[in-house]
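The structure under discussion appears below in the form of structure tokens.
A short reminder: the numbers here are calculations on the coordinates, not readings from a lab. The structure presented is a predicted model; accordingly, all values stated were derived computationally and were not measured. Reconstructed Cβ throughout: ideal geometry from the backbone, glycine too, with neighbour counts over all protein chains shown.
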């Protein structure tokens with residue numbers, strides 16, 4: 001996760017520069033800002049843990065599907081991410097589904113896969129595509145589907161300031177792309193109808 005070519009002290013110095021830029025009329029930093037560079041670097045080491053995860057390891061432990069060939073859906077997976085364009089947070093929920101062929105994966109692994117993709121500097125489209133790519137490449141299901149909903153700080157606290165705007169992205173693969181009845185069943189399960 002950590003760029004070894006840049007030391008922790010260099011990262012803290014960069015944050016110190018930004019803090020001083022934002023507080024241009026302050027001579028010495030006030031008490032609440034003195035340790036901000038250390039706190040920011042420490043929080044980023046936690047927030048950006050996705051860089052240290054690998055999808056193959058997250059999804060490596062599978063189980064015999066025992067003939068199950070229906071939809072496996074984990075819905076309403078909360079996530080927090082950071083927009084790569086403005087370094088502002090965005091958050092929402094993801095719905096991840098697949099139809100197994102021979103192997104299933106523990107449901108917590110689906111949530112971990114979402115974390116792998118969201119705990120990086122990101123955009124929502126890449127998150128959606130990346131989760132679907134990993135499911136398709138590692139599990140080889142009959143189909144997989146990923147729907148991600150997000151509220152973006154770059155829209156809510158700056159710019160157009162639209163508080164209730166929700167962005168939705170989707171990736172449909174295999175039978176979810178090819179068959180409208182599979183998509184319809186998935187949407188019914190997600191909506192709870």
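Each residue of the range 28-73 gets 112 Å³ once the volume of the Cα convex hull is shared out per residue. For a modelled paramagnetic label at residue 178, 7 Å from Cα along Cα-to-Cβ, the residues of the range 102-133 in reach, with backbone nitrogen under 18 Å, are 102-103, 133. Based on DSSP H segments of at least four residues, each scored -39500 (n - 2.57), the chain has a per-residue ellipticity at 222 nm of -11000 deg cm²/dmol.
Entry for the range 1-50 at q = 0.30 Å⁻¹: log10 I(q)/I(0) = -1.17, Debye formula applied to identical alpha-carbon scatterers, no solvent contribution. Measuring r between the beta carbons of residue 84 and residue 60 and using R0 = 30 Å, the FRET efficiency lands at 0.60.
What's the ranking of 62-74, 117-129, 140-152 by average number of surrounding C-beta atoms within 10 Å, highest first? Let's see the in-between values first.
On the way: 62-74: 13.2, 117-129: 19.8, 140-152: 22.7.
Highest to lowest by the protection proxy: 140-152, 117-129, 62-74.
Across the chain, the volume of the C-alpha convex hull divided among the residues equals 142 Å³ per residue. Taking 13 Å as the cut-off, the amide N atoms of the range 122-149 that come nearer than this to a point 7 Å along the Cα-to-beta-carbon line of residue 189 belong to 142-147. The alpha carbon centroids of the range 117-178 and the range 71-113 are separated by 8 Å.
Take the Cα atoms of the range 1-108, build their convex hull, and give its volume per residue in Å³.
On the way: hull volume 15.2 nm³, N = 108.
In the range 1-108, the Cα hull volume divided by residue count equals 141 Å³.
Spin-label pair residue 51-residue 5: with each label point 7 Å from Cα along the Cα-Cβ axis, the two points sit 1.2 nm from one another.
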